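Structure first, then comments.
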Amino acid sequence: MTDLHTPGGAVGSPQPTGRRAVGSLDGRRALVTGGASGIGQACATAFAAAGAHVTVADIDADGAQRVAASIGGEAWHVDLADTASLHDLRLDVDILVNNAGIQHVRPLEEFEPDRFSFMLRLMLEAPFLLIRAALPGMYERGFGRILNMSSVHGLVASPYKSAYVAAKHGLEGLSKATALEGGAHGVTSNCINPGYVRSPLVEKQIADQAKLHGIGEDEVLEGVLLAEAAVKRLVEPDEVAALAVFLAGDGAGMISGASYTMDGGWSAR
Ligand code: NAD
């Protein structure tokens with residue numbers, strides 16, 4: 001007789017019952033990397049407001065502590081670029097947000113090799129190691145939500161950001177591979193692909209590009225970053241967090257291996 005059972009339930013069986021309401025993460029445990037600032041802080045705050053217990057992981061110990069205290073969560077002071085320290089990790093979380101990242105703007109022929117490998121460690125190898133650490137617990141409980149903070153530059157390239165573009169394209173592949181392996185265990189994996197979000201990372205990028213092109217910062221914002229967007233403003237961090245809450249929810253169990261752009265229409269052309 002054909003065995004119709006998978007670890008995720010009988011094939012063709014209805015949705016699991018007892019689902020939380022849309023927008024509720026009640027009782028879930030979440031880990032948000034880079035949670036001390038910008039998008040990560042907004043996700044940590046929104047997850048806590050939705051009922052999750054949140055651990056804020058960041059290299060910025062004071063920032064992580066500050067955000068954790070403000071949401072009744074915990075802080076984890078960690079340098080995620082020190083990937084060897086993550087090899088033996090085991091994480092007991094229901095929701096993992098791989099969000100920590102940095103930007104570095106430099107023409108390819110001048111791009112520092114050490115900086116390139118550093119960025120790949122932080123933005124690709126660390127997400128792999130955290131996913132690897134979280135999956136066994138998620139598999140045991142039959143539930144998991146992995147959110148990878150990619151970028152529109154995970155889908156299309158941009159000049160002078162070779163390490164960032166390479167890391168984010170890699171993250172897209174890692175996310176899809178995770179979706180394929182995790183699906184039978186109730187684990188979904190998705191990418192969020194913001195355009196330019198109002199955060200310290202983008203402020204630094206605007207300053208770097210102004211220097212590179214010899215133009216003013218306003219000109220970079222209007223003439224370069226927002227030139228091709230349909231909606232002529234930066235994305236707000238809490239707009240990204242609202243999507244993250246939805247994707248982390250019980251109702252998003254059939255969304256996996258996907259990439260969600262939030263770029264004010266930039267990629268529509
Ligand atoms: P941000 O600079 O505000 O926050 C990044 C956080 O990561 C900081 O708290 C920082 O301390 C932490 N971090 C940096 N290096 C770390 C390390 N070695 N170990 C642990 N933590 C570390 O940036 P943001 O704009 O909120 O970006 C968050 C994520 O969103 C990044 O992955 C970024 O690539 C992505 N993203 C940002 C934008 C944007 O426009 N801001 C657009 C698309 C994607």
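How much net charge surrounds G173 when only the other residues with a Cβ under 14 Å from the Cβ of G173 are counted, with Lys and Arg +1 and Asp and Glu -1? Cβ neighbours under 14 Å give a net charge of -1. Can you give the local net charge around L86? Use residues other than it whose beta-carbon is closer than 13 angstrom to its beta-carbon, Lys and Arg +1, Asp and Glu -1. In short, -1. In this Cβ point-charge picture (+1 for Lys and Arg, -1 for Asp and Glu), the chain has a dipole of about 620 debye about its Cα centre. Taking the Cα atoms only, what angle lies between the long axis of helix 38-49 and the longest principal axis of the chain, rounded to 10 degrees? For 38-49 against the chain, the angle is about 30 degrees. Under the criterion of Cα pairs below 8 Å and six or more residues apart, the relative contact order for the chain equals 21 percent.
The sum of -39500 (n - 2.57) across all DSSP H runs of n ≥ 4, divided by the residue count of the chain, sets its helix-only mean residue ellipticity at 222 nm to -11000 deg cm²/dmol.
Residue-wise HN-Hα couplings along region 244-255, as the Karplus relation 6.51 cos²θ - 1.76 cosθ + 1.60 with θ = phi - 60° gives them from phi, are 4, 4, 4, 5, 7, x, 4, x, 9, x, 9, 9 Hz; Gly and Pro carry x. Around the Cα centre of region 168-217, unit charges on the Cβ atoms of Lys, Arg, Asp and Glu (plus for the first two, minus for the last two) sum to a dipole of about 40 debye.
Proximity of backbone amide H atoms, modeled 1.01 Å from N, is registered between V187 and G144 at under 5 Å, excluding neighbours fewer than 5 places apart on the same chain. A cut-off under 10 angstrom between Cβ atoms defines the neighbours of V105, and their net charge, with Lys, Arg +1 and Asp, Glu -1, is +3. Taking amide H atoms as placed 1.01 Å from N in the peptide plane, the amide H of V197 lies under 5 Å from those of V235, each 5 or more residues away in sequence or on another chain. Name the trypsin sites (Lys or Arg not before Pro) in region 49-123 that are in a loop by DSSP and that have at most 11 other C-beta atoms within 10 Å, would you? When the trypsin sites (Lys or Arg not before Pro) of region 49-123 are filtered for loop state and at most 11 Cβ neighbours within 10 Å, R90 remain. Only alpha carbons enter this Debye calculation for region 118-214, each as an equal point scatterer, and the log10 of I(q)/I(0) it gives at q = 0.24 Å⁻¹ is -1.22. Across region 122-135, coupling constants 3J(HN,Hα) worked out from phi with the 6.51/-1.76/1.60 Karplus curve, θ = phi - 60°, read 5, 9, 10, 6, 4, x, 4, 5, 6, 4, 4, 6, 8, 4 Hz, and Gly and Pro carry x. Structure note, pairs K211/K232; K161/K204; K161/K211: Cα-Cα distances above 21 angstrom occur for K211/K232. Can you work out the base-10 log of I(q)/I(0) for region 84-145 at q = 0.19, 0.20, 0.30 1/Å, using the Debye formula on its C-alpha atoms alone? These q points yield log10 I(q)/I(0) values of -0.73, -0.78, -1.24. Under 5 Å between amide hydrogens, built in the peptide plane, is the criterion, and for S259 it picks out C191 among residues at least 5 positions away or on other chains.
Read the figures in this text as sums done on the coordinates, not as results from a lab. Everything numeric in this text was worked out from a predicted model, so none of it was measured. Quick reminder, even Gly has a Cβ in these numbers, built from the backbone with ideal geometry, and neighbours come from all protein chains shown.
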